[in-house]
Amino acid sequence: MDESSGAEGRTPGPAWLDDPFHRSGQRWWDGRQWTARTRSAAGEPPSRGHSTAAHRPSPTAREPTPAREAARPGTSWRSAFPSAPPYTMVIIGVLAAVVLIGLVTPGAEESDAVSAEYGRTAYWACADVLTQRVGPAIDLDFPGHETATITNQGQTWDVSGPVDMTRDLEPTARTWRCTITQDDGDWRGNAVLE
């Protein structure tokens, strides 16, 4: 085959053909002339060869590839994803924000755990207030926050429950109540025996 026609005198269409300039490999025939694109064997990726003025590829005779199609002027990401509506990126951004907020915001179980921990802390803060109020002459034994009723409104906690009191070696079961408020990490309140 010469540079301008096929072996039987007819010109083949664009295709990879045996390279007439080298003994091995293939060269791209654009349908009119040989281009500078070569590859070593059928199916291997093309390599760029040196071209001479007589064999310079025509700009319109390049083998089409997806990368060239996407790189054409006037094309955009929408041509690569024709079914994607224009607001897709907005939806993806909103979903990402919701997921991020969900990861940062405590769930109901975590909120209950935090509330229970504050309730325990309020109970023992009230126990300290009552112990200081009655003084060292009375020994108080608090059975724990599990036996108490603990409620809150904002930063104010109401605690009531049983307490075992020992005075002059005489044990007595009593109840107590307390209202306490957390202010800048300090607990302040009032507790009384009933």
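Which ones in the range 165-192 are without any contact (Cβ under 8 Å) to a residue 12 or more places away in the chain, farther than 17 Å from ALA122 by Cα and part of a strand (DSSP E or B)? Those that are without any contact (Cβ under 8 Å) to a residue 12 or more places away in the chain, farther than 17 Å from ALA122 by Cα and part of a strand (DSSP E or B): GLU170, PRO171, THR172, ALA173.
Residues in the range 144-163 that are part of a strand (DSSP E or B) and open to solvent by less than 80 Å² (accessible area, probe 1.4 Å): ILE150, THR151, ASN152, THR156, TRP157, ASP158, VAL159, SER160, GLY161, PRO162, VAL163. On the basis of being in a loop (DSSP other than H, G, I, E, B), modelled with pLDDT of 85 or more and either on the phi > 0 side of the Ramachandran plot or open to solvent by 30 Å² or more (accessible area, probe 1.4 Å) (or both), does ARG32 make the cut? It is true that ARG32 is in a loop (DSSP other than H, G, I, E, B), modelled with pLDDT of 85 or more and either on the phi > 0 side of the Ramachandran plot or open to solvent by 30 Å² or more (accessible area, probe 1.4 Å) (or both).
The values are calculated or read from the model by the stated rules, or taken from the named source; none is laboratory data. Just so you know, these numbers come straight off a predicted model, no measurement behind them. Cβ sites come from the backbone with ideal geometry, for glycine too, and all protein chains shown count toward neighbours. Surface accessibility is based on the protein's heavy atoms, side chains included, excluding ligands, DNA and RNA. Shrake-Rupley method; radii C 1.70, N 1.55, O 1.52, S 1.80 Å.
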